[in-house]
Every structure is written in C-alpha cells, then in structure tokens.
Amino acid sequence: MLLLIVAAPRIDPLRADNPDFSILGPGWVAVLVFTALVLVHGMLVAALAGRYSHALPLPSVRRRVLVAYLPLLLLIPVAPLALILALAGLVVVGLSRARPIVRAVRSRRTTVAGRVVLSAVALAVLPGFLSAVIDIAAQA
C-alpha cells in the first residue's frame, strides 16, 4: 500500500494525466481496478518470494546449492537487471552472517525508526495521492 501511495500518482497507474482513464470508463472504477491490481500483485510477489525463500538454500559454493540456483541464469538475457539483483542478494546474504549487523537490524530501536520513517514518507506524499485519486474519480 505504501508503494501505491508513494509511486502510483507519480509514475503509474494512478497518474491523473494518464489518458487511459478516459478510455476505461468511470474514473472511480478505474481507481478501484488499478488499486486492486497493485495490491493483488504485491500479495503475489510476497507469496512467491516467501515460497522461494523457504525452497532455496542460502547461496554458497556447494554444488547442490549452485544447481538449485542454475534456473535463475535464464533470467539474465531477459532482464540484465537480474544479474545486479543477484549480486546485491549475495551482498545481503554475506552481511546477514555478521552478528553485529543482524543484531542492529533486528533491534527494537531500528524497527521503530524504520516505521517512523515510512510513516513520515506516507504522510508527506498522501496529499498528492489523494489529489490524483480525486482527479481520476471525477472523470466521467
């Protein structure tokens, strides 16, 4: 939901000047459909990520682990960004083995600070989101 509030009115799908809303029919229906689409997509991605995080072992140089990750190499021609994400994932896995970093990230102070920052961001961009939704819903 936070991503919808922050990005949707600026990038898509809930940009007020998007010409697609004049094609789709009543604006309020378009807002409901796009909002539902974004939320369902987010739930699907979370479910798939949860499934794969339990199915795949942590990256290592063992043969069994390398074979488990081999199908992911098929994504590289389709999305070169996949290679960057894979390298970032390896960095995160490496950092997750450092006990001081894990303790700092899991601490109550970090959790509260993260929630405060996310809430502040949401509140800061909420007027723009509401303005875009009202503009779209007003379209006939």
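The values are calculated or read from the model by the stated rules, or taken from the named source; none is laboratory data. All of these numbers come straight from a predicted model, not from anything done at the bench. With ideal geometry, Cβ positions are generated from the backbone for all residues, glycine too; neighbour counts draw on all protein chains shown. Quick note on the areas: whole protein, heavy atoms, side chains included, nothing else; ligands and nucleic acids left out. Shrake-Rupley method; radii C 1.70, N 1.55, O 1.52, S 1.80 Å.
Summary of values
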| item | result |
| --- | --- |
| Positive dipole terminus of region 50-140, leading residue within L75, F129, A98 (C-beta point charges) | A98 |
| Magnitude of the charge dipole, the chain, Cβ model with Lys/Arg +1 and Asp/Glu -1, debye to 20 | 1280 debye |
| Calculated from backbone phi, Karplus (6.51, -1.76, 1.60) coupling profile of region 128-136 in Hz, x at Gly/Pro | x, 5, 5, 4, 5, 5, 5, 4, 5 |
| Positive dipole terminus of the chain, leading residue within L32, G89, M1 (C-beta point charges) | G89 |
| Taking the C-alpha atoms of region 68-140, convex hull volume expressed per residue in Å³ | 173 Å³ |
| Relative contact order %, the chain, counting alpha carbon pairs below 8 Å whose residues are six or more apart | 52 percent |
| From the C-alpha gyration tensor of the chain, square roots of 5λ in Å | 37, 22, 12 |
| Per residue, in Å², the accessible surface of region 27-120 once ligands and nucleic acids are set aside, probe 1.4 Å | 83 Å² |
| Rg and Dmax [Cα atoms of region 42-86; Å; Rg one decimal, Dmax integer] | 11.7, 33 |
| ³J(HN,Hα), Karplus 6.51/-1.76/1.60, whole Hz, each residue of region 19-34, x for Gly, Pro | x, 5, 5, 6, 7, 6, x, x, x, 5, 5, 4, 4, 5, 5, 5 |
| Fraction of accessible area attributable to carbon and sulfur, region 44-92 (%, probe 1.4 Å) | 79 percent |
